[in-house]
Amino acid sequence: MKAFLTILLLICSNVLMTFAWYGNLKLKEMRPSQDWPLYVIILVSWGIALFEYCFMIPANRIGSKITGGPFSLMQLKIIQEAISLIVFTAFSTMLFNGESLHWNHVVAFVLVLAAVAFAFIK
C-alpha cells in the first residue's frame, strides 16, 4: 500500500511541477499571459511548485526505507524520474501542437524504464 501511495503522490507532484515549468508556455500560446512580465510568471510558477511540494515531500517520507517505506533513496529518485518523463511526454504531446513522440524518444524511455528495473536488482 505504501508503494502505491508513494507512486500516486509522485504522479500528482509531477503533474503540478510539469505545469509549473511548462504551463506558462501554453498560456502564452493561448494569449492570457502574453503581456505578463517574467517575474509574475516566476511567482505564479513558484505558487504552483508550493503545492507540488505538498505531494513530493509526503511521497518521499512514505516511500523511503529510512521512514519505514519500501524504497531506497536511489529507487525513489529513479521512479520519480521515470514518472516525470511519462507525465512530461503526455503533457507536451497533448497540449502543444507540433510536439510529437518519435522513435528515438520511445527508445530513450525504454532505456529509462530499464534503469528503473535495474535499480531494483539486489
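The values are calculated or read from the model by the stated rules, or taken from the named source; none is laboratory data. Not measured: the values here are computed from a predicted model. Cβ coordinates were reconstructed from backbone atoms using ideal geometry, including for glycine residues, and neighbour counts include every protein chain displayed. Just the protein is used for accessible areas: all its heavy atoms, side chains included, with ligands, DNA and RNA removed. Shrake-Rupley method; radii C 1.70, N 1.55, O 1.52, S 1.80 Å.
Data overview
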item: Extreme residue, modelled with the lowest pLDDT, among residues of the stretch 1-37 that are in contact with a helix residue (DSSP H, G or I) (Cβ under 7 Å, 6 or more places away or on another chain) and part of a loop (DSSP other than H, G, I, E, B); result: 33
item: Options 40, 110: the member that is at pLDDT below 90, within 18 Å of the chain's Cα centre (by Cα) and among the β-branched types (Val, Ile, Thr); result: 110
item: Neighbours by Cβ (under 8 Å, 6+ apart or cross-chain): first from the stretch 38-62, under 14 Å from residue 21 (Cβ atoms) and in contact (Cβ under 8 Å) with a residue 24 or more places away in the chain; second open to solvent by 70 Å² or more (accessible area, probe 1.4 Å) and in a helix (DSSP H, G or I); result: 45/21; 48/19
item: Residue in the stretch 14-22 that is small (Gly, Ala, Ser), surrounded by 15 or more Cβ atoms within 10 Å (Cβ to Cβ) and in contact with a strand residue (DSSP E or B) (Cβ under 7 Å, 6 or more places away or on another chain) present; result: no
item: All positions within the stretch 57-71 that are open to solvent by 30 Å² or more (accessible area, probe 1.4 Å) and over 16 Å from residue 116 (Cβ atoms); result: 57, 58, 60, 61, 62, 65, 66, 67, 68
item: Complete set of residues in the stretch 72-122 that are under 14 Å from residue 22 (Cα atoms), in a helix (DSSP H, G or I) and either open to solvent by less than 50 Å² (accessible area, probe 1.4 Å) or touching a residue at least 40 places away in the same chain (Cβ under 8 Å) (or both); result: 84, 87, 88, 89, 90, 91, 92, 95
